[in-house]
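Q: My structure is below; once you've seen it, I'll send some questions.
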Amino acid sequence: MLVLLAGIFVVHIATVIMLFVSTIANVWMVGYYNAEKASSGLWLLCNRSCGHLPVATSDDASLKAVQAFMILSIIFSVIALVMFIVQLFTLEKGKRFYITGAIMLVCWLCILIGASIYTARFTKMPGFREVHHGYCFILAWICFCFSFIISILYLVLRKK
């Protein structure tokens, strides 16, 4: 049981770190912008240097929603990690980690909404050619899978 708890804890920390990286780094889309290799993220457009991300006014609200949901997912994941540590020391034997699992399900939902909006609205970036998704986009979907698995394990797991 201790090994299982340690494994879940390590995967949870890895998920938090990957969420931070995927939200902060600017490599959600990679392609050529003005004949130079460039990447765009949730915040900036980077080629030689980073600058303002050019987004159509119709997509501005969608980008703000993606930013908000990715930040919320980080917040909920960190809160779930703290709650797991608190419950580990205060929960009676035989009880389940319901609060931690529920918070991780909210984190999972935030990642789902944020990554889905980005997938639906930002398949092509204005001025880009030969566009493909970058590693931050892939990390967000990996965090989606990990957070779901972790939340289910928290809900099923009992403290022994």
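The values are calculated or read from the model by the stated rules, or taken from the named source; none is laboratory data. In this text the structure is predicted, and so the values were computed from the model without any measurement. Note that each Cβ is placed from the backbone with ideal geometry, even for glycine, and that neighbours are counted across all protein chains shown. Note: areas computed on protein heavy atoms with side chains; ligands, DNA, RNA excluded. Shrake-Rupley method; radii C 1.70, N 1.55, O 1.52, S 1.80 Å.
Q: Pick out the one residue from 4, 53, 19, 44 that is farther than 22 Å from residue 106 by Cβ, aliphatic (A, V, I, L, M) and in contact (Cβ under 8 Å) with a residue 60 or more places away in the chain. Spell out how you get there, then give the answer.
A: Details: 53 fails: in contact (Cβ under 8 Å) with a residue 60 or more places away in the chain; 19 fails: farther than 22 Å from residue 106 by Cβ; 44 fails: in contact (Cβ under 8 Å) with a residue 60 or more places away in the chain.
From the options 4, 53, 19, 44, the qualifying one is 4.
Per-residue answers, yes or no, for (1) in a helix (DSSP H, G or I); (2) open to solvent by 80 Å² or more (accessible area, probe 1.4 Å); (3) more than 30 Å from residue 6 (Cβ to Cβ); (4) of a type outside the set (Val, Ile, Thr):
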| residue | (1), (2), (3), (4) |
| --- | --- |
| 92 | no, yes, no, yes |
| 100 | yes, no, no, no |
| 106 | yes, no, no, no |
| 113 | yes, no, yes, no |
| 116 | yes, no, yes, yes |
| 129 | no, yes, yes, yes |
| 132 | no, yes, yes, yes |
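Q: Right, here's the next one. Mind listing whichever residues of region 137-158 are surrounded by fewer than 16 Cβ atoms within 10 Å (Cβ to Cβ) and outside any helix (DSSP H, G or I)?
A: Result: 158, single match.
Q: So how many residues does region 17-46 have that are open to solvent by 60 Å² or more (accessible area, probe 1.4 Å) and either of a type in the set (Phe, Trp, Tyr) or assigned to a loop (DSSP other than H, G, I, E, B) (or both)?
A: Qualifying residue count for the region: 5.
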